[in-house]
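What follows draws every value from the coordinates through simple rules; no lab data is involved. Note that this is a predicted model, so its numbers are computed, not measured. Here the Cβ is made from the backbone with ideal geometry for all residues, glycine too, and neighbour counts use every protein chain on show.
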């Protein structure tokens with residue numbers, strides 16, 4: 001039997017040149033037709049798309065990357081998917097990248113996979129940038145990325161001396177707003193349920209909170225700190241330890257994130273038989289959708305996720321890869337105080 005060399009419509013061998021020939025246009029016109037925002041006449045685009053449908057053609061991004069040395073893929077390294085805030089962050093990055101005709105390569109890090117190890121793995125791929133939400137990163141890894149022309153941007157944190165650009169919520173400012181809310185509601189003693197001891201996010205929220213209280217004359221001994229490991233369960237245990245402490249429960253508890261604030265509320269109400277805010281005031285940070293639901297109605301600070309995501313992507317210089325990589329900048333963005341039912345009184349002025 002004689003083997004035929006005839007190509008079929010829809011063959012995997014179909015190229016942009018085949019589409020161009022069928023549509024009667026140049027190959028560069030075919031490329032523009034599949035690039036969002038590119039300059040091309042509507043009738044020409046329609047003709048090209050019709051030819052592409054007939055040939056079952058779609059652009060090959062891998063082949064294109066070999067020519068342009070740009071893959072349109074950005075790596076996102078996530079460190080804490082137990083916190084619902086970061087699932088919303090992932091969704092926001094996914095939507096924004098799709099709108100920009102780019103793709104995400106997602107890595108998660110934990111006790112078994114450190115951030116540096118994750119970066120070593122992702123460098124096997126041709127990526128255009130790295131977004132990092134975890135708290136640890138070595139200067140060596142940042143340098144390795146930058147030497148390859150791959151910018152690294154930190155999201156919702158900064159890592160001193162890392163050499164990486166950071167975009168974050170102004171966490172210290174947010175901590176001050178929570179303190180002011182408690183003060184205006186009449187609290188005299190305070191508890192904090194803290195998160196990652198190595199992360200700047202938790203440290204900054206604590207420092208802003210404590211600084212505002214001390215400025216108002218609250219003695220440091222009236223401000224107690226209990227580790228909650230950034231988890232719901234950790235916060236439940238922290239409240240039990242507060243309750244068992246010789247000083248007892250404080251007037252107000254600041255959960256450094258909403259998940260911990262919600263864990264504290266549930267423990268106070270369902271295990272200790274207390275009311276919120278009647279017996280103990282509670283506030284959180286992040287404004288995850290779950291905190292707004294009827295069982296919680298949590299007073300909190302809303303992180304400006306969309307603004308933070310867009311600023312992070314802009315600093316990757318994806319459209320201008322030749323620009324120098326910024327090594328030291330830190331961009332805090334103020335959030336918004338969300339006043340609900342877990343702190344009595346009216347919304348305080350921003351401080």
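Miscellaneous remarks
- Taking other Cβ atoms within 10 Å as a rough exposure proxy, 120, 281 sort from fewest to most as 120, 281.
- Estimated inter-spin distance, residue 294 and residue 87, nm [label 7 Å along Cα→Cβ]: 2.1 nm
- Cα gyration tensor shape for the range 171-303, rounded if a/c is under 1.5, else prolate or oblate: rounded
- Fluctuation leader among 78, 298, 272 - the chain, Gaussian network, Cα springs under 10 angstrom: 272
- Of 154, 76, the sequence from fewest to most neighbouring Cβ atoms within 10 angstrom is 76, 154.
- Take every DSSP beta bridge whose two residues both sit in the chain; close to 10 percent of them are antiparallel.
- Percent RCO, i.e. relative contact order, over the range 113-259, from Cα pairs under 8 Å lying at least 6 residues apart: 21 percent
- Considering only alpha-carbon pairs that sit under 8 angstrom and 6 or more positions apart, the relative contact order computed for the range 16-59 is 42 percent.
- Which of 200, 139 has the fewest Cβ neighbours within 10 Å, and the rest in rising order: 139, 200
- If R0 is 56 Å, the Cβ-Cβ spacing of residue 247 and residue 123 corresponds to a FRET efficiency of close to 0.65.
- When only Cα pairs below 8 angstrom with a gap of at least 6 residues are kept, the chain shows a relative contact order of 15 percent.
- Cα gyration tensor category, rounded, prolate or oblate, for the chain with a/c compared to 1.5: prolate
- Degrees separating the helix 42-55 axis from the principal Cα axis of the chain, which is the longest one: 80 degrees
- Only DSSP H runs of four or more residues enter the estimate; each adds -39500 (n - 2.57), and after division by the residues of the chain the mean residue ellipticity at 222 nm equals -11500 deg cm²/dmol.
- Rounded tilt (10° steps) of 200-215 against the dominant C-alpha axis of the chain: 30 degrees
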